[in-house]
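The values are calculated or read from the model by the stated rules, or taken from the named source; none is laboratory data. Keep in mind it's a predicted model, so treat the numbers as computed, not measured. All Cβ positions, even for glycine, are placed from backbone atoms using ideal geometry, and neighbour counts span all protein chains on display. Accessible surface areas use protein heavy atoms only, side chains included; no ligands, DNA or RNA. Shrake-Rupley method; radii C 1.70, N 1.55, O 1.52, S 1.80 Å.
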Amino acid sequence: MTRFFELFIGLRYMRARRRNHFISFISVTSLVGIALGVMALITVLSVMNGFQRTLRNRILGVISDVTISGPRHRLADWQKAAHVALREKGVIAAAPYVRGEALLVHGRYSSGALVRGVIPNKEKAVSDIAAHIVQGRLAALRPGRFGIVLGRYLAWRLGATLGSRVLLVAPGGMVTPAGFLPRLRSFRVVGIFDVGMYEYDAGLALINMKDAQALYRMGGDVSGVRLKLADINRAPAVRRVLQARLPAYDAVRDWSEKHANFFRALKIEKTVMFVILLLIVAVAAFNIVATLVMVVTDKRADIAILRTLGASPLSVLAIFLVQGTLIGLLGTAIGVVAGVVLSLNVTTIVPFIEHVFHTHFLSANVYYISQLPSHLRWQDVVHVAVASFLMSFLATLYPAWRASKTQPAEALRYE
């Protein structure tokens, strides 16, 4: 007991009834404030992680994890590049592609589009477009049949439906005595996809790779090879290895480079949100300062008696550190448990609230993500808990230091 009497007295002060009920009220307010701040912070970070993961998956469902391309977007021996890539650990699929731009015309409507020539059975292994076909099928892109698969909004803009004939105007026509003749080809719409990203749904069209090679005069060359990885987080490492193994004139890029600004903006937004919501915990921690200052004032006589009985200033400091730290620890623990439970059940709680209040937070007519996603990362939980506990501990230092400076004679003069 003599070794841990600071802890014993600190806990006793926490359990004891207050003569001043206002002090108890502020103590409870501090604890609840810290718990609510930690809960809100964990939940918001989980929702932001969910949005980020959903957007990343949708983007990577169209683009490739890693892309190998040649100079001026022409790769002659794509089979060799694909063979070298598939030997690398973590690369599970490879598919060639031809990239081009074109003007699509249907009736009196027209729209520019990015045209990608693919081999359907190989494309399924490196992208999720086949899984997002809402009409038709990707396998209908057969060489020589001149079929085309359009994004949902691109088809809507052209007024095209399944089976419609679309005129594709490719750049780089021929100059003849009669003037400049553009390269034209009629394609039949054999599929429409909807990946949930406007950028691709409104500007991407797929045709067979053989047709694309003939249309863009590629011969046997392709624009590059798209790779699928088992773990997308290893994309930068795989890119560096392949860049060293392939010829110097072959360019290797990964998904993090192609959308670096977008994902950097999401990361900055998450960091700023973390700091802003952490201020809620900071406000609650300042309440601990107010609570302990009033407790020190209320317990001046007790402190003086402890000092008279031989307690050192460091022991008095420890007593009030225990009291303030315990408030922060309890608030943080309650907030972590509530935040984790709420984050794991967001997809259940939000639909229930929408049903009760007859509203919809993310309308499908406005937002591409109509459900509130959540992805709990334990790393974020640890960061929030540590930050909250440290702020609570720092808030106890000044009141505890003031208590340790109490002079017994001054405190007992009027008792």
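Glu199 versus Thr359, label points 7 Å from Cα toward the beta carbon: distance in nm?
Each label point lies 7 Å from its Cα, and together they span 3.1 nm.
Measure off, as a whole percent, the carbon and sulfur share of the 1.4 Å-probe accessible area of the stretch 125-254, all protein chains present.
Looking at the stretch 125-254 in its full context, I get 55 percent from C and S.
Apply the Karplus parameterisation 6.51 cos²θ - 1.76 cosθ + 1.60, with θ equal to phi minus 60°, to every residue of the stretch 159-168 and state each ³J(HN,Hα) to the nearest whole Hz, in sequence, with x for glycine and proline.
x, 9, 10, 4, x, 5, 9, 10, 8, 9
Using the Karplus curve 6.51 cos²θ - 1.76 cosθ + 1.60 with θ = phi - 60°, work out ³J(HN,Hα) for each residue of the stretch 49-64 in order, rounded to whole Hz, and write x for Gly and Pro.
Listing the rounded values in order: 4, x, 4, 4, 5, 5, 5, 5, 5, 5, 5, 6, x, 10, 7, 9 Hz.
HN-Hα J couplings of the stretch 82-93 from phi, Karplus 6.51/-1.76/1.60, θ = phi - 60°, integer Hz, Gly and Pro as x?
5, 5, 5, 5, 5, 6, 6, 4, x, 8, 10, 7
With label points built 7 Å along Cα→Cβ from the Cα atoms of Gln243 and Lys258, find their separation and express it in nm.
1.7
With a point put 7 Å past each Cα toward its Cβ, work out how far Tyr398 is from Arg87 in nm, to one decimal.
Result for the modelled spin labels: 6.6 nm.
Of Lys89/Lys267; Lys80/Lys122; Lys124/Lys267; Lys89/Lys270, which sit over 23 Å apart, Cα to Cα?
The pairs that break the limit, which is 23 Å between Cα atoms, are Lys89/Lys267; Lys124/Lys267; Lys89/Lys270.
Which cross-chain or sequence-distant (5 or more) residues have an amide H under 5 Å from the amide H of Leu204, H modelled 1.01 Å from N in plane?
Leu114, Gly151
Going 7 Å from the Cα of Leu162 along its beta-carbon direction, which residues of the stretch 189-206 have the amide nitrogen within less than 15 Å of the resulting point?
The answer is 189-194, whose backbone nitrogens lie closer than 15 Å to the label point.
Quick check for you: with a 1.4 Å probe and neighbouring chains kept, what is the accessible area per residue of the stretch 191-254, in Å²?
39
Determine the sum of side-chain charges near Phe274: Lys and Arg each +1, Asp and Glu each -1, restricted to other residues whose C-beta is under 13 angstrom from that of Phe274.
+1
Val169 to Val134: extension gain in nm, 0.36 nm per residue of separation minus the Cα-Cα distance?
Taking 0.36 nm per residue and subtracting the Cα distance, the gain is 10.1 nm.
Amide H to amide H under 5 Å from Val62: which residues, 5+ apart in sequence or cross-chain, H placed 1.01 Å off N in plane?
Here the answer is Asp128, since their amide H atoms fall under 5 Å of that of Val62.
What is the Cα centroid distance between the stretch 196-235 and the stretch 153-171, reported in whole angstrom?
Between the Cα centres of the stretch 196-235 and the stretch 153-171 lies a distance of 19 Å.
Give the peptides 240-247, 390-397 in descending order of average Cβ contacts within 10 Å, highest first.
Ranking the peptides 240-247, 390-397 by packing returns 390-397, 240-247.
Between Val32 and Arg183, 0.36 nm times their residue separation minus their Cα-Cα distance comes to what?
Answer, rounded to one decimal: 47.4 nm.
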